[in-house]
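Trainee: Shown below is the structure under consideration.
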Amino acid sequence: MAVTDRVQPPPPTTKQQTSRDKSVKRLAFSHKVPKWDVKLSPYLYISPFFLLFAVTGLFPLAYTAWVSLHSWNLIGGKGAFTGLENYEFVLAQPFFWNAVGNTFSIFLLSSVPQVVLAIAIAAVLDANLRARTFWRMGVLVPFVVAPVAVGLIFNNLFADQAGLFNEMLTGIGLDPVRWHSDSLASHAAIATMVNFRWTGYNALIFLAAMQAIPRDVYEAATIDGAGRLRQFFSVTVPMLRPTIIFVVITATIGGLQIFDEARVFDQAGLGGADRQWQTLTMYIWELGWGQRNFGRASAVAWLLFLIIVLIAMANFLITRRIATQGGRR
Amino acid sequence: MRVKARFTALSAAAALLALTMTACGSGSGTENAGVEGETGTDDVTVSVGTFNEFGYEELFTEYEELNPNVTIEHKKAATSNEARDNLTTRLAAGSGLSDIEAIEVDWLPELLEFPDQFADLSDPAVEGRWLDWKTAAATTEDGQLIGYGTDAGPQGVCYRADLFEKAGLPSDRESVAAMLDGSWQDYFDAGKEFVAASDGVAWFDSAGATYQGMINQVQNAYEDNDGNVIATENADVKDIYEQILQASVTDGLSAHLTQWEDDWVASFQSDAFATKLCPGWMLGVIEGNAEGVEGWDIADVFPGGGGNWGGSYLTVPTQGANQAEAKKLAEWLTAPEQQIKAFESKGTFPSQVEALESEELTSQTNAFFNDAPTGEILANRATAVEVTPFKGPKYFAINDAMQQALTRVDVDKTDDPASSWEKFVTAVGAL
């Protein structure tokens, strides 16, 4: 901990004025205090987060595991202990694996373009533009629109018969895309909503990180004869390493839990007649609230958690490797 | 080492974000307390939870004037889904519900599984107040009545008189009613005649919506009276499934839309179809979606007998503190006189026998539907309902699977009727 490094041991007390008892006592006390003050207070300062986390994060996690081992009705509550039966049942369901596939498809279609685009936009915003603040704030506007409102707008655009996109396609003589029937088309449409919302947000995070890159590095690169493109790939991207890791991991967690956009993609909210775009979280919803089977819903929730942990690990290792290519500083 | 520590922290953060699903469960319900206690003496606040528009605002003021000791607190949810989530969550938590909770008929099967959670409202004073099927749907096998009926959704057939005329069909209300009177096959036959002459206009909007009207006339469609799932073996279900898909796809009577989707909403402006099954509350939906379109009318007929779609109840949850006062208020609100006032205010069509015969109701007309006497027509439609379909705990999950099966064939065209039926069987097996 950096904090502990900086704290000096209490200065050796100079001459004590023994004539006054009070001050002696106080000094003796303050003598003792710094030791555990130094040791404990940093942890005390960060403890509220972890206490809160224990209540709002750890407890539900453990409780969900407990629920998943029982037959459990949403209203009726706890039933018999069933061991791993819920997991066995869920893992044998084609709907579960379909949901896993859909989740990954939507996640990849949203996260990858999102990060690439965000870095590109950030690089443009980092340049000397007129009315800089205006442009920078502009990319954040989609983020302040509520996801459900985004859903409403995009649903209008993606409607199969009356939607703007299909009218444009038929207008130039192409076949309309069957947004709500074709699996991949529906994923692309949902990923579009996610990208609309999050690209600007991530761009601003990248922009902040870019501005923290010392300008003399660029000057040195310029003197060495590196062009803008070379500078971008050899200086900017490697220097963004921690930020890329952060953005990729938050995008992963968010992407694997995608719910709002997919749920409002049609009115029934179950992911299409053939479950074309039912994600894992929607499957949890269907089991827990549609069928009121909390045991099975909790089993899927735990499986999703394990998947996310695995992917986060893989993500971390991969991004680390990519980002260190440019030489670690 | 540092990497590892950060990694652990990240996993922990992932855990926090991944699993915020909290599960609350109360112990299974306590004993049924029944409704006891004095009313009309102490000062009490009775809270009432409703959704959408029940038309109760003025009635609450009136009740407070009649009963000075009562203060009514109205909690209004914007949508019925919101109200349903609130209800199930708080039932599970065991506290936090209003003294009176409004529920929709669709939620009854799942709530009737937990009769302990609701006060028994059966009372000689209200016997015979509602249409039989309305009360039957909210009564448990042991005779406990968990809700007082408010409005109902008797269905007629809405149609486009102008498109009928163009296709050479009779277009006035009485002739249309006569033409469509009979079985569903008669309705589809009329449709074939219409489509042959209509120049691309479909007969009805959606296979799923029309199926809903048909299946609601089957007593035990998906489950027998003991709750055993029979959906996939029931010949009636398979027959209706094949009949509606034959009409929709092979005969091309459907506009291939899914109810409530954007395409469906937009289709009202583009002459996509000529008829639609419509409960009373659908009149407002059509009027809104078809704004500026002239020619809508409603016929006093429903293929295959009567049919009901939707409608609500008032319940008194046993977790409430003022059950006696709450019951008294619910009883007053659902009396015929009050329901007629609510109907005048927000168009909620009464389910009370006396209200259906009242002059104020039967004299209602609707300008958008060519000045049709909607009050009288819907009152006739309400008395024509004969079957109360049995809806067990899995009814809605099975019906959802069926709607998806129909959509796959009618709208998405990803399956033919046979393969879609196979998927339906798989989905029902997974419940």
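Trainee: Can you pull out the residues in the range B:291-323 that are crowded, with 18+ Cβ neighbours inside 10 Å and of a type in the set (A, V, I, L, M, F, W, C)?
Mentor: B:Trp296, B:Ile298, B:Ala299, B:Val301, B:Phe302, B:Trp309, B:Leu314, B:Val316
Trainee: For the range A:226-329, give me every one of the helices (runs of 4 or more DSSP H) that falls completely inside it and has 2 or more residues that are crowded, with 18+ Cβ neighbours inside 10 Å and either of a type in the set (Lys, Arg) or more than 8 Å from chain B (Cβ to nearest Cβ) (or both).
Mentor: A:241-256, A:260-263, A:280-285, A:294-324
Trainee: Within the range B:248-262, how many residues turn out to be more than 9 Å from chain A (Cβ to nearest Cβ) and touching a residue at least 40 places away in the same chain (Cβ under 8 Å)?
Mentor: Qualifying residue count for the region: 7.
Trainee: Step by step: first the residues of the range B:109-137, then only those that are within 24 Å of B:Ala382 (Cα to Cα) and within 13 Å of another protein chain (Cβ to nearest Cβ), then the one that is modelled with the highest pLDDT. Which residue is that?
Mentor: So in the range B:109-137, the residues within 24 Å of B:Ala382 (Cα to Cα) come out as B:109, B:112, B:121-137.
Then drop every residue that is not within 13 Å of another protein chain (Cβ to nearest Cβ), which leaves B:109, B:112.
Values: B:Pro109: 85, B:Leu112: 89.
My answer is B:Leu112.
Trainee: Quick one: in the range A:142-166, of everything that is without any contact (Cβ under 8 Å) to a residue 40 or more places away in the chain and surrounded by fewer than 14 Cβ atoms within 10 Å (Cβ to Cβ), which residue is farthest from the other protein chains (Cβ to nearest Cβ)?
Mentor: A:Val144
Trainee: Can you name the number of the only condition in (1) in contact with an Asp or Glu (Cβ under 9 Å, 6 or more places away or on another chain); (2) without any contact (Cβ under 8 Å) to a residue 24 or more places away in the chain; (3) hydrophobic (A, V, I, L, M, F, W, C) that A:Trp277 fails?
Mentor: (2)
Trainee: Within the range B:88-122, track down each residue that is under 18 Å from the mean Cα position of the chain (by Cα) and without any contact (Cβ under 8 Å) to a residue 24 or more places away in the chain.
Mentor: Matches in the range B:88-122: B:Thr88, B:Trp107.
Trainee: Filter the helices (runs of 4 or more DSSP H) completely within the range B:360-431 down to those with at least 2 residues that are in contact (Cβ under 8 Å) with a residue 40 or more places away in the chain and under 27 Å from B:Ile230 (Cα atoms).
Mentor: Correct list: B:395-407, B:417-429.
Trainee: Could I ask something else about it? Go through the range A:52-82 residue by residue and tally those that are exposed (fewer than 15 other Cβ atoms within 10 Å of the Cβ) and closer than 21 Å to A:Tyr283 by Cα.
Mentor: Result for the range A:52-82: 2.
Trainee: Go through (1) within 14 Å of another protein chain (Cβ to nearest Cβ); (2) under 24 Å from A:Asp266 (Cβ atoms); (3) surrounded by 14 or more Cβ atoms within 10 Å (Cβ to Cβ) and name the single condition B:Pro279 misses.
Mentor: (1)
Trainee: Give the range A:94-136 a look and list any residue that's out of contact with any helix residue (DSSP H, G or I) (no Cβ under 9 Å at 6 or more places or on another chain) and not in a helix (DSSP H, G or I), or say none.
Mentor: Of everything in the range A:94-136, those that are out of contact with any helix residue (DSSP H, G or I) (no Cβ under 9 Å at 6 or more places or on another chain) and not in a helix (DSSP H, G or I) turn out to be A:Ala127, A:Asn128, A:Arg130, A:Ala131.
Trainee: Mind checking whether some residue in the range A:173-195 is away from chain B (no Cβ under 14 Å) and not in a helix (DSSP H, G or I)?
Mentor: Yes, the range A:173-195 has at least one match.
Okay, residues lined up against (1) charged (D, E, K, R); (2) over 22 Å from B:Gly311 (Cα atoms); (3) surrounded by fewer than 21 Cβ atoms within 10 Å (Cβ to Cβ); (4) outside the structural domain of B:Thr232 (by TED's automatic domain parsing):
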| position | (1), (2), (3), (4) |
| --- | --- |
| B:Ser358 | no, no, yes, yes |
| B:Thr374 | no, no, no, yes |
| B:Thr383 | no, no, yes, no |
| B:Phe390 | no, no, yes, no |
| B:Ala401 | no, yes, no, no |
| B:Val409 | no, yes, no, no |
| B:Asp412 | yes, yes, no, no |
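The values are calculated or read from the model by the stated rules, or taken from the named source; none is laboratory data. It should be emphasised that the depicted structure is a prediction, and the values quoted were computed from it without experimental measurement. Backbone-built Cβ (ideal geometry, glycine too); neighbour counts: all protein chains shown.
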